[in-house]
Amino acid sequence: MHLDPILPVLEIVALAILVVGIIMHRLKQPYVVVYLIAGIIIGPHGLGLITDQVDISRFGSIGVLLLLFFVGMEISLPRLIASWRIAVVGTLLQILLSVVCVYFIGMWRDWPLARVVLLGFVISLSSTAVVIKILQEWGETDTGVGRDVVGILLVQDLAIIPMLIIIGLMGGGSPDYRVISLQVFGGSFFIAGFALLVKFKDRIRLPFSSLIRQDHELQVFAAFVLCFGLALITSLLHLSSALGAFAAGILLSTFKETTWVYNRLEPFYVVFMALFFVSVGMLVDLDFIRHRFVVILLLVLLSMVLNTFINAFILKILGAAWPRSLYAGAFLSQIGEFSFVLAAVGFQAKIVTKVAYNITISVIALTLLLSSLWLMSVKKVIIKKNLK
């Protein structure tokens, strides 16, 4: 009998998550940490139970889409639009300050401008997947802090496009004006679409909604069509596919059809989201980190502290209270999954060396692993301070 090679892989992943999950549950750690640790243990740099992570990464990318899809269903679009100033201005200032901070480090280390800009972009991006997963687990997605953080994350997802263009140009590439035109058109299309949703939200109805509500199997495929359909459209327009999935969630929320979607897709969401974080954990090379432990640890701490206080400072000057600003800054402290893409592009353009690239990958992965612990520590400090 032929054995499908994906079967043992899925069994190993499920068993690792189950064992680590039981241990971490007693320690009251979020499931993000469970999945990352499971990936480290079974990955090529851990026990080596899984060496080919391509399939897991592909499944994991579906998890990110479903994550943004679910968040879109939970977020109030009018409230999100009302906080556009914090999202847009805050993100632009945060990227600028990140590059400036790296510039001063680069002056000391005599880095070229291209490397300064690349690393500034890398640390400026936070993890949409990690942050939103924690917001959901803590029930804070549609709070004031949650809306500020989600808005910033969405603008960061859009900012990846000009970042890639800038890095490509600094690496000697030339701009593709056809791609840029599609991105501008796509961005304008989605902004106009959100505006129409806000204006005509009481008149918009989902086609065949009465039939779909009565058929449980059709509900699964209808939700997938909407989620992956808009994600596909944004990908074709060279925008973030996660943005399309988020827009699909917003659309369903406007239709007031979120209950059956949540009930039908939650198991898929849990599985694919777990695979995403497992794939990130598999990137952690423990032997490489061991040989450069002090340098990597200092960079991890520096990046998380910088991200926390840069974001907190910006939110404070934009009018948020200091405790809320610091709490939101802690949510955005880690370096995001899109930074893996930026680092890879920078390495291919020879902006960073192989060793520097591996250090960057290690730092990104460890900030993802430690972000929940850092966030809980900041939260305890804020609570204690407010109780005094």
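Read the figures in this text as sums done on the coordinates, not as results from a lab. Everything quoted here is computed from the prediction, not taken from an experiment. Cβ: placed from backbone, ideal geometry, glycine included. Neighbour counts: every protein chain shown.
A simple spin-label model places pseudo-atoms 7 Å from Cα toward Cβ; at R58 and L10 they are separated by 1.4 nm.
Couplings for region 130-143, taken from phi via the Karplus curve 6.51 cos²θ - 1.76 cosθ + 1.60 with θ = phi - 60°, read 5, 5, 5, 4, 5, 4, 5, 5, 8, x, 10, 4, 9, 7 Hz in order; Gly and Pro are left as x.
For the pair I105 and E140, a Förster radius of 30 Å applied to the C-beta separation gives a FRET efficiency near 0.35, rounded to the nearest 0.05. The charge dipole of region 245-370, taken about its Cα centre with unit charges on the Cβ of Lys, Arg, Asp and Glu (plus for the first two, minus for the last two), comes to roughly 260 debye. R0 = 56 Å: FRET efficiency of I180 with I22, Cβ-based, nearest 0.05? Plugging the Cβ-Cβ distance into 1/(1 + (r/R0)^6) gives 0.65. Both the radius of gyration and Dmax for the chain are 20.9, 68 Å, in that order, over alpha-carbon atoms.
Dipole orientation for the chain: of the candidates L326, G60, A349, L326 has the Cα lying most toward the positive pole (charges on Cβ; Lys, Arg +1; Asp, Glu -1). Of the cross-linked pairs K28/K379; K133/K316; K28/K133, those separated by over 18 Å at the C-alpha level are K133/K316. In sequence order, region 8-19 has phi-based couplings of x, 4, 5, 5, 4, 4, 4, 5, 4, 5, 4, 5 Hz under the Karplus curve 6.51 cos²θ - 1.76 cosθ + 1.60, θ = phi - 60°, and Gly or Pro positions carry x. Think of the chain as having a plus end and a minus end, set by charges on the Cβ of Lys, Arg, Asp and Glu; of L154, G186, I17, L154 sits farthest toward the positive end of this dipole. Contact order, relative form, for the chain: 29 percent (alpha carbon pairs under 8 Å, 6 or more residues apart, mean separation divided by residue count).
Of V34, I310, M282, whose Cα points farthest to the positive end of the dipole of the chain (charges on the beta-carbon: +1 Lys, Arg; -1 Asp, Glu; origin at the Cα centre)? Selected residue: I310.
For the chain, the Cβ-based charge dipole about the Cα centre amounts to some 1300 debye (Lys, Arg positive; Asp, Glu negative; other atoms uncharged).
How would region 321-388 be classified by its alpha-carbon gyration tensor: rounded, prolate or oblate, with rounded meaning a/c under 1.5 and the a/b versus b/c comparison settling the rest?
On the way: a/c = 4.45, a/b = 3.04, b/c = 1.46.
It comes out prolate by the Cα gyration axes.
Phi angles of region 347-361 translate, via the Karplus equation with coefficients 6.51, -1.76, 1.60 and θ = phi - 60°, into HN-Hα couplings of 5, 5, 7, 6, 7, 10, 7, 4, 5, 4, 5, 5, 5, 4, 4 Hz per residue; Gly and Pro are given as x.
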